[in-house]
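Structure, as C-alpha cells:
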Amino acid sequence: MMINIDISNIIRGRNKIIILPHILPDGDTLGSSIALKRALSLLNKDVSIILNDEIPSNLKFLTEHNNIMSTKLFMSLGIKPDLIITIDTSDPERLGDRGKLLDLSEDILNIDHHSTSTYYGKYNIVDPDVSSCGEIIYKIIKELNIEIENDIAEPLYVSLITDTGSFKYSNTSPETFRIAADLLESGIDATRIVTELYQNKPVNKIRLLADALDSMEVFYDGKLSIMSVPLQMFEKSNSHPSESDGIIEYGRDIEGVEVAILLKELSPNEIKVGFRSKYDFDVSRIAMEFNGGGHKKASGCTIFNTIENAKKIIVEKFENKL
C-alpha cells in the first residue's frame, strides 16, 4: 500500500496533535496510537493520546512510559489541537464520548483499515486490504523518513500480532510478514511481547472465561455458537469488559461452527455484540444491519436492549443464512 495523500504536508506545521484510539481498545488501536505518538514526537510535535477506557491487562506494558490522557484532563488544559488523528475507528461513534473532541478542529485525519469506514475525516487513509492499522502506521512513519527504533517497533509489532491472531488469520499477507521481520530486526524482544499478551492472564480473566463458556449455546445444526456475558458475570469475577477479549475465539474454534457471537453487557440495556466468521460468511453485513461494521470475518455492533432479547434478535438474523 502506498499512502495516497501527502502525509508530510498534513503533518508539516502542525504542532499540537491529539490521537484518538477507539473505545474498548485492542492491541491494534493502542499499539498504532503509541507508535505514531512516539514517531511524531521525534519531529518535535506535541502529541497526546486521549482515552477514557480501562487499558486491558495484557496491554498495560505498552503504556509504562506513555502518558495517556483522559478527556477531562485534556479539556482542562485548554489546548486547541492543530490536527486530530483517529486510529482504527471506522465511524465517530466508535470514539464514544470523545467524539465531541472532533469539534475542536476541522483538520481530522482518519486512519483505518475497515471496509465499513465512513470516511468522516478531512483526510482519510483507509486500506481494507491490510492486516491492521499498524501496517498503515508503519508506512506513514517510513514516508516521514523517521527511523523505526525499538520503542516504535514494539507497539507496531503488538498491532500486527494481535490483529492477525498471531499471524494465523486470513488478513495476514506476505507484506505483513515483511513488516514484522523489519520490526524484529530493530531488536524488539518478541518473547517478552508474546508473554505479556498471552501468558500473563489474571486469574479473574480465566474465571470469566469459564463462566462465558458455560453460557454457550449452539444453533442451526451447530453452525452458530453464541455466548453471553451479562453484567453480573463481570461482577462475579471482578472483571472489566476489556477482560472478555479473546473469549469469542473459543466459540469460533469449535468443529462445525461457521459463525461465533459474543454478547457482553456494558451497562443495563447496552449490549456489545461481537461476530467472528471461520469461512466465507461476511459478518460485517449482519453488523451493519445494527449500525455496526468491521471486517468480513470480524465485526461488531451495539444493541440497546436486554441481553436475552439481543440474543434472540441476533439468532433470528441468521435464520436461513447458514
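The values are calculated or read from the model by the stated rules, or taken from the named source; none is laboratory data. Here the structure is a predicted model, which means the values were calculated and not measured. Cβ: placed from backbone, ideal geometry, glycine included. Neighbour counts: every protein chain shown.
Among the residues of region 173-200, just one is within 24 Å of residue 278 (Cβ to Cβ) and at pLDDT below 95, namely 198.
Picking from 87, 125, which residue would you name as being touching a Cys at 6+ places or on another chain (Cβ under 6 Å) and of a type in the set (A, V, I, L, M)?
Details: 125 fails: touching a Cys at 6+ places or on another chain (Cβ under 6 Å).
After ruling out the rest, the residue left standing is 87.
Quick test for you: out of 30, 40, 24, pick the one residue that is outside any helix (DSSP H, G or I), assigned by TED's automatic domain parsing to the domain that holds residue 124 and buried (at least 18 other Cβ atoms within 10 Å of the Cβ).
Details: 30 fails: outside any helix (DSSP H, G or I); 40 fails: outside any helix (DSSP H, G or I).
Sole residue among the options that is outside any helix (DSSP H, G or I), assigned by TED's automatic domain parsing to the domain that holds residue 124 and buried (at least 18 other Cβ atoms within 10 Å of the Cβ): 24.
How many of the residues making up region 90-117 are assigned to a loop (DSSP other than H, G, I, E, B), closer than 21 Å to residue 165 by Cβ and modelled with pLDDT of 95 or more? Even if it seems obvious, please write down each step before you answer.
Just the residues of region 90-117 that are assigned to a loop (DSSP other than H, G, I, E, B), to begin with: 90-91, 105-107, 113-117.
Still in the running and closer than 21 Å to residue 165 by Cβ: 90, 113-116.
With modelled with pLDDT of 95 or more added as a condition, the list becomes 113.
Qualifying residue count, region 90-117: 1.
Determine if region 27-40 includes at least one residue that is more than 19 Å from residue 197 (Cα to Cα) and modelled with pLDDT under 95. Before the answer, list the steps.
The initial filter retains those residues of region 27-40 that are more than 19 Å from residue 197 (Cα to Cα), namely 36-40.
Going one step further and asking which of them are modelled with pLDDT under 95, we end up with none.
Looking for residues that are more than 19 Å from residue 197 (Cα to Cα) and modelled with pLDDT under 95, one finds none in region 27-40, hence no.
In region 201-222, the count of residues that are acidic (Asp, Glu), more than 28 Å from residue 271 (Cβ to Cβ), part of a helix (DSSP H, G or I) and more than 19 Å from the chain's Cα centre (by Cα) is zero.
Whether a residue is surrounded by fewer than 19 Cβ atoms within 10 Å (Cβ to Cβ) and farther than 30 Å from residue 199 by Cβ was assessed, and residue 53 does not pass this test.
For region 72-89, the candidate set comprises residues that are within 19 Å of the chain's Cα centre (by Cα) and not in a loop (DSSP other than H, G, I, E, B); within that set, the residue that is surrounded by the most Cβ atoms within 10 Å (Cβ to Cβ) is 85. Consider region 249-274 and keep the residues that are closer than 18 Å to residue 235 by Cβ and touching a residue at least 40 places away in the same chain (Cβ under 8 Å). The one that is surrounded by the most Cβ atoms within 10 Å (Cβ to Cβ) is 262.
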